Amino acid sequence: MASLRATPNLLAMPPPLRSLLLTHHILFPTRTFATAKPPRPPRRASTPPLPGFDPEPLDPTEVYIPPLESTSYLPPPSNDPNGLPFPAPPPPASSLARATEIFTSKGGPKFLYSAGRFLELPVNTHTPEICLIGRSNVGKSTLINALSGLLGASARNSHGVVARKQGSAITSRKAGCTVTLNGYGFGSPPPEDADVLAEKLQENKAKREAIVKGATRQARREAQKEYMQREKPRRFALIMVDMPGYGLGSKKDWGMEIQKYLAKRQMLRGAVVLIDAEAGVKDQDRMVLGNLRDHDVRTMVVLTKGDKVVDYALVEQRKKDAAGTEGRKVAEERIHEVLVGVWKELRRVERRSLTWLEGGEKGWEREVWVTGAGDPRNGGLGVETARWAICRLAGLVEDKREIVVPGLDVVKKVKNKVTKVVEVKEPEIVSFDDIEAMIAREKARPKKRLHPSF
């Protein structure tokens, strides 16, 4: 019997043409008139790896060898003749686990809002916020995805509505993809005290009763407006704010809104400045550090794309030597060069402030972190320690490390181990008159005009 797949088409046609279609259906039973689905295009092949470099170990049981000596570095002491950064001690395992739990619990991040203006941001008086700021295409959105647990290509290739539903940050190779202030929630909030929770419930009940039992229509409208604009209870342990990039593809209005955020946001606990490890410090980075200094925002610097620096060094060395044994050393030298430039720029910016100081509560962090969010190996280069550093900046974990600066002068025993440390010199005493003269010069200095794109 002939197939009836053409029946829907027969009923949809005008009556004068139905007989024609029925005749063809009877004479040519093997021919179907139903609309066939077009064949799916072949899936695009993934980007081939760099020549001479394996992005992932072939054997799952293979021991992971870190590409760098450390993922965080501290500036060298003043009496170090080489002037090279030295690796900072790793955070405790318990603190690392706590930071990882904050960023990866509750099924990943939760997209909260996208605000084009500062006035459109929701009220926040209880959840600490950390903002990510950096040049266009430096890897801000990719780092947010990597912090939440996405690995490799999943972190840097997050597009469309599916990514937004998952709470992931949308990424793009094109500069200027992020055009608004985007908020993401991480982790569960600490349990509230029973008395505080009962007080909030009683307050909300009173507001609802005021809406229903308002004496006049105007009073009910005002109560309704106040109730709708109320602050929602705390739902997350931390909020990360992804800022629009500055530089290529940026707009002047974005910079004005970012400055308002830095100056007026009550729960802002610090800013994470992302600097490209391949390009180093640029003029736009210097401008942003100056703005953070002027607003007394606590600042931490994170180098991104460190995995690309390592990969490029390995490829170049394997062209000369098949084993590529010197590749990691070349990568370390490049990272050290960028680190020294970062500390030099931070200290230059610090000279024009009396409050934004090195290691201060409202200053800049001496420790600089190296990350490679696109590296699929071992959860991404430096991503785990970056989680801990951001949680420490937000006040969610404590830093209980004993940092010993390697030096050349004194040898001291620390926990039954002989360690070289630097002899601390007495600070230079500055008179009160000199301090007053410094303040007067600072006030008399003309204000520097901001870059049009910030």
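The values are calculated or read from the model by the stated rules, or taken from the named source; none is laboratory data. Treat the numbers as computed from the prediction; the structure is a model and nothing was measured. Glycine gets a Cβ as well: all are built from the backbone with ideal geometry, and neighbour counts include every protein chain shown. Accessible surface areas use protein heavy atoms only, side chains included; no ligands, DNA or RNA. Shrake-Rupley method; radii C 1.70, N 1.55, O 1.52, S 1.80 Å.
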The answer for trypsin sites (Lys or Arg not before Pro) in the range 312-357 that fall in a DSSP coil and have at most 12 neighbouring Cβ atoms within 10 Å is Arg351
Whole-Hz Karplus couplings 3J(HN,Hα) for the range 67-76, θ = phi - 60° and coefficients 6.51, -1.76, 1.60, Gly and Pro as x, run x, 10, 5, 8, 9, 8, 9, 10, x, x
Expected unfolding gain across Glu361-Leu84 under the 0.36 nm per residue rule, minus the alpha-carbon gap, is 97.1 nm
Expected vector for the range 369-374, Karplus 3J(HN,Hα) from phi with 6.51, -1.76, 1.60 and θ = phi - 60°, integer Hz, x for Gly and Pro, equals 10, 10, 10, x, 5, x
A correct Karplus calculation of ³J(HN,Hα) over the range 286-298, with 6.51 cos²θ - 1.76 cosθ + 1.60, θ = phi - 60°, whole Hz and x for Gly and Pro, returns 5, 5, 5, 4, x, 5, 5, 5, 5, 9, 6, 9, 4
Full extension between Arg221 and Met267 adds, at 0.36 nm per residue less the Cα distance, a length in nm of 13.6 nm
The set of residues whose placed amide H lies less than 5 Å from the amide H of Thr299, leaving out same-chain residues fewer than 5 positions away, is Ala271, Gly363, Trp364, Glu365
With every protein chain in place, the accessible area of Glu337 for a 1.4 Å probe, in Å² rounded to the nearest 10, comes to 120
